[in-house]
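Below you'll find the structure, written out as C-alpha cells, and then a few comments.
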Amino acid sequence: MRFASFIGAAAMIVAATTAGRAEDTLRLVDSGEPRATVVVPEDADAQTAAAAELLVQYIERASGAKLPIQPDGKPLDGVAVHVGLTRYARALDRAWDELDADGFIIRADPDGHVLIAGPTAWGTEFGVCEFLERYVGVRWLMPGPHGDDVPERKTIELPAGEVREEPAFFSRQMSGFRGGAQATWTRRLRMHGRVQFHHNLQRLFAPETYTKTHPHFFPLRKGERYLPPNSQTHGWQPCFAAEGIEDEAVKNIIRYFDENPDATSYSLGVVDSSGHCECEACQALDTGELNFLGRRDVSDRYYGWCNRVVERVLEKHPGKTFGCLAYSEVAQPPSKMQVHESIVPFMTYDRMKWIHDGLRSEGEQMTRHWHATSPVLGWYDYIYGVSYCVPRVWFHHMADYYRFGHANGVRAMYAEAYPNFGEGPKLYVALKLMWDPGQDVDALLREWYERMVGPDAADDLAAYYAHWEDFWTRRILDSNWFTERGQYLAFHSPGYLADVTDDDVAKSRQWMESVMANTRTEQQRARAEVLMLAWEYYEASAVAHSADRMARELALETEADALAALQQAERCLAAAERRVELLMDEFPKHPALEHSLTFERRPRLRGEGWGTALVWRLFDWVKRSEAVRAAAERMAESPRESVAFHAKALLRLADEDLAPISTNPSFESEDGARPAEWSIWLRDGVGAITSAPEAARTGGQGLLCRGIRRGGPHQTLDVEPGHFAGVAHIRVPAPVAAGATATLSLTPLDDQGRNLPSLSTTVDLTESGWTQLAVAGPIPAELSGRAVRKVRLIVIFDSLEPDDVVYLDDVKMVRIGDLPE
C-alpha cells in the first residue's frame, strides 16, 4: 500500500470481522491428527515461507499435529490453509491494494479454504501471528525459551467468516532490543518500523566531500564559515538558503531511490545538537521568536526547504515517504506553510511527563497545532527500561496518550525503549496498543499476569506492578527528580531512588516471594524466576542508594546508634556490589534480561560510591568507641570486596595521619587572604567564600562559605592510579535552609579536563559542631574508555540561602593504597 493512502485513515476501523453460521467450522487438527495442508505461493519469498513454517511450528506445539506445507497448484486432501497471496487469494476480490502493507485478511470459507494473507510479506507474517493468537491461543509474553505460552489444544478449528485488520499506527518501532530472542519477540508483537527519520543531513551533505566542493552549504557562525571535519561531527546544520543546496539534495535522494528501489522512505532529519546557520538569508526566513522549548524557531526555513525537495523527488519517485525529527529549533510547526503530506515529522518528547496536567495540556495543544499543519505525524517517545533501577511502568497513562495521538493525526510511533523485562508487561502492552490503542488495558494486563505465572500467583504480580505504576504516575510528581523542563526525563540519573521507601522495598519483596510460592507449573516458575532476578537488582539498587539518605538523616547520638548505622552501611555496600554482579554477570544469561546498558555511557548508574556515605559518618565513632572499632574490624574481614575495602579505609584513616597529596588543607595564608592553592567555583557567581579566623578548626583560619547556590573550593591534582580518600571538616554554626547539602568529591578528569565518574559523599547541612566528611575508592588509569589525567578534589555546597553560613577547614586528599595487580 502506498503511504499517501494512509493519510485519510484516521477514522479507519482497525479490525473488521464477519462470521458465518456456527455449524460452518473448519477443523485444521482433530484430536491430535492433522486435517489440513498449508499452501504457499509457488514463488513465495523467504519471509512468507518463514510465516508458513511459524504457523506449522506452533500448531504442532499446541496439538502435536504437524501440518504439511506444499507449494500452490498441487492436489491436496482436507482443508487448504493458504499463507500468502496464492492463486486462490488473488482470485478473491478482497481489494488488496486498499489494505495497509502490514494489514491482513484471515478468511475461512465453508468450502474448505482458509486464507491468511496480506498485501505484503509483512502483512502475511502478522496475519499468521494473529491467527495463532486468536485460534490457537498462543501468547508471546516475553523473549526467551520460557516467554511463549502455548496452551495444549488437541483440536484446532475456526468458524467460517473473515477478519480484516490493519494497524492504527502504520509504523511501530522501538530501539534498544538485543538481537536473537528479543528481536524475534518484537516481530511476534508486530513491531515494524517503516519510516526513516533519524539524524541524516550530515550524510546527505557529507562534510568529507562537501566542505571541499560546496563549502557554502555549511553554516555561518558569528560571520565565520564552519566546516565540520567529518560526518560524525554533530552541532551544525546546512545553510538552507545556500545556492544549489536544494538541487544537490534532490539529486542525491533520487540517486538513493534509484539504487535502492525497495526503499520506501528517506530521512531528512537534522544533524544532532543544534548549530543552525546565522547568515542573513537564513535568518530572514525565521519568525525571529523562540519556540515552545525556548530555542530559536527556525521551522519555516527548514520545513520550507524540505517541502521543495520532497516535491521534486516525488516527480521521479512517487509514493515515497520522508521522515524528520521535530525537535530542538525545529520542534514547532512552521508558521508560513503546510508540511507536505509525504513528510512525517516525529515530535520528540517523553510523554510519561504528561502525568503532569500542565505538561499534558501543553503537549496536547502542540500536537493539535502540528496536525493542523501536517496531515501525518509521528511521535518519538522515551520509554527507557534498563537504565531505571526500579520497574518504570505507566500502562494506563500510556494507553490514554496513544489514543489521543491517534485521534489527532499521529500515525507513526517510535520509542527509545532499551528494555529490562523486569518491567513485566510494559512493552507487551505498548506494542499491543501500537496496533490497536482501543484495547482494554486492564484485560491485557490481567491476561498477561495469569498466562505468565498462573491464576494463583497473578493477583500478587498484579499488585506488584500496580504499586510501581502508582509510584511513576502519582508519587513521582512530588520528587525532586521529576522536572518540567526539557524534552525527556533524566533516565541517566537515579535521583528518583531517593523517593523509594523501605516500605516499597519490603512490600515488593513480599509480593514477589508470594508469586514464586504460588506458581504451579515448571514454565510458570521459570518465568517468575526471571522476574524475581530482575526484582533482586531493583531491590539491591534501592537499598544501596538509601545509604545516602540514611547518612543525611541519622542522628548518631549514642554508641548503639553508631553500631546500628555500621550494620546498615555493611548491608548497603553489599547491595551495591550485588547490583553490579546481577547487571553484568547474571542478566546476560537470560534473553529477557540481556541488556544494552553500559556504564561507560551512563556512568551515574554505575553506583560508584553507593553505600559509602554511611560509612564515613562513623569516622569519629571508630576513634572513640572500642565496640564500633571492633565492628569495623569484623567488616574488614568480609568476603564482599567493597565492604572490606571501605572498612579498612575507615580504620586506616582513623588510625594514621597520612600525608596529603593536596596542598594547604587548612587554608592558611600569611596575609589572611584566601589561599592561592585553592580555586573557587560559584555557579552563576552566587554566594561568597572568604578566609576567616572563626572558620578555623586548626591553624589560624578556615573558609567561611555564605549564601552559595552551588559551588565551593577545589584543587586539581596529578595522581598515579591507586586507592584514594578525601577528608573534609565542616561546621554549621546556625540553622540553614532545609535541603542544603555539602558534597565531598574526588572527580577524575580526562586529557581535555572533562569530568569522569566521581567518588563522592553528600550530607545534609544541619546545625552542628565540627563534622567530618570522607570518601574513598579506586581511581584507575582509565574510566569510561578515557584516560584519567588528573583528579579534582572539591567540596560543593548546594542550596544555601543568602544569609546561610558554613565553616570549612582541613580538607585533604590522601593515597591509601595501590590498585590490585
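The values are calculated or read from the model by the stated rules, or taken from the named source; none is laboratory data. Keep in mind that this is a model prediction, so the values were computed, not measured. A quick note on method: Cβ atoms are made from the backbone with ideal geometry, for glycine too, and the neighbour counts reach across all protein chains shown. Remember, those area values only see protein heavy atoms, side chains included, never the ligands or the DNA or RNA. Shrake-Rupley method; radii C 1.70, N 1.55, O 1.52, S 1.80 Å.
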* Asked: Inside the stretch 756-781, can you point out the residues that are within 16 Å of residue 723 (Cβ to Cβ) and hydroxyl-bearing (Ser, Thr, Tyr)?
  -> 758, 760, 761
* **The listed residue being aliphatic (A, V, I, L, M) and touching a residue at least 40 places away in the same chain (Cβ under 8 Å), out of 787, 725** => 725
* Could you check residue 195 against (1) within 23 Å of residue 50 (Cα to Cα); (2) of a type in the set (A, V, I, L, M); (3) in a loop (DSSP other than H, G, I, E, B) and say which number it fails? => (1)
* **Any chance residue 547 is buried (at least 19 other Cβ atoms within 10 Å of the Cβ) and modelled with pLDDT under 95** => yes
* Kindly indicate whether any position in the stretch 161-169 is touching a Leu at 6+ places or on another chain (Cβ under 8 Å), touching a residue at least 60 places away in the same chain (Cβ under 8 Å), buried (at least 21 other Cβ atoms within 10 Å of the Cβ) and not in a strand (DSSP E or B). => yes
* Return the residue satisfying two criteria in turn: it lies in the stretch 178-192 and is farther than 25 Å from residue 67 by Cα, in contact with a Phe, Trp or Tyr (Cβ under 8 Å, 6 or more places away or on another chain) and not in a strand (DSSP E or B), and of such residues it is most open to solvent (accessible area, probe 1.4 Å). => 183
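Quick check: anything in the stretch 249-261 of a type outside the set (Val, Ile, Thr), under 16 Å from residue 298 (Cβ atoms) and either at pLDDT 95 or above or surrounded by 12 or more Cβ atoms within 10 Å (Cβ to Cβ) (or both)?
There is no residue in the stretch 249-261 that is of a type outside the set (Val, Ile, Thr), under 16 Å from residue 298 (Cβ atoms) and either at pLDDT 95 or above or surrounded by 12 or more Cβ atoms within 10 Å (Cβ to Cβ) (or both).
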* Structure fact -> Note on residue 670: of the conditions (1) in contact with a helix residue (DSSP H, G or I) (Cβ under 9 Å, 6 or more places away or on another chain); (2) outside any helix (DSSP H, G or I); (3) charged (D, E, K, R), unmet is (1)
* Please specify each residue of the stretch 263-283 satisfying the condition of being open to solvent by 50 Å² or more (accessible area, probe 1.4 Å) and either over 17 Å from residue 217 (Cα atoms) or part of a helix (DSSP H, G or I) (or both). => 264, 273, 280, 281, 283
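Quick one: is residue 527 in a helix (DSSP H, G or I), among the basic types (Lys, Arg) and either at pLDDT 95 or above or open to solvent by less than 20 Å² (accessible area, probe 1.4 Å) (or both)?
Spelling it out, residue 527 is indeed in a helix (DSSP H, G or I), among the basic types (Lys, Arg) and either at pLDDT 95 or above or open to solvent by less than 20 Å² (accessible area, probe 1.4 Å) (or both).
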* Asked: Within the stretch 574-586, can one find any residue that is in contact (Cβ under 8 Å) with a residue 40 or more places away in the chain, assigned to a helix (DSSP H, G or I), open to solvent by 60 Å² or more (accessible area, probe 1.4 Å) and over 14 Å from residue 550 (Cβ atoms)?
  -> yes
* Structure fact -> For residue 726, the lone unmet condition from (1) within 40 Å of the chain's Cα centre (by Cα); (2) small (Gly, Ala, Ser); (3) over 17 Å from residue 793 (Cβ atoms) is (3)
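Taking the condition of being polar (S, T, N, Q) and within 18 Å of residue 771 (Cα to Cα), how many residues in the stretch 602-657 meet it?
2
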* To do: Could you list all residues from the stretch 792-805 that are open to solvent by less than 50 Å² (accessible area, probe 1.4 Å) and either part of a loop (DSSP other than H, G, I, E, B) or more than 13 Å from residue 744 (Cβ to Cβ) (or both)?
  => 800, 804, 805
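Here's the yes/no breakdown for (1) aliphatic (A, V, I, L, M); (2) part of a helix (DSSP H, G or I):
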| site | (1), (2) |
| --- | --- |
| 536 | no, yes |
| 542 | yes, yes |
| 545 | no, yes |
| 549 | no, yes |
| 552 | no, yes |
| 555 | yes, no |
| 561 | no, yes |
| 564 | yes, yes |
| 569 | yes, yes |
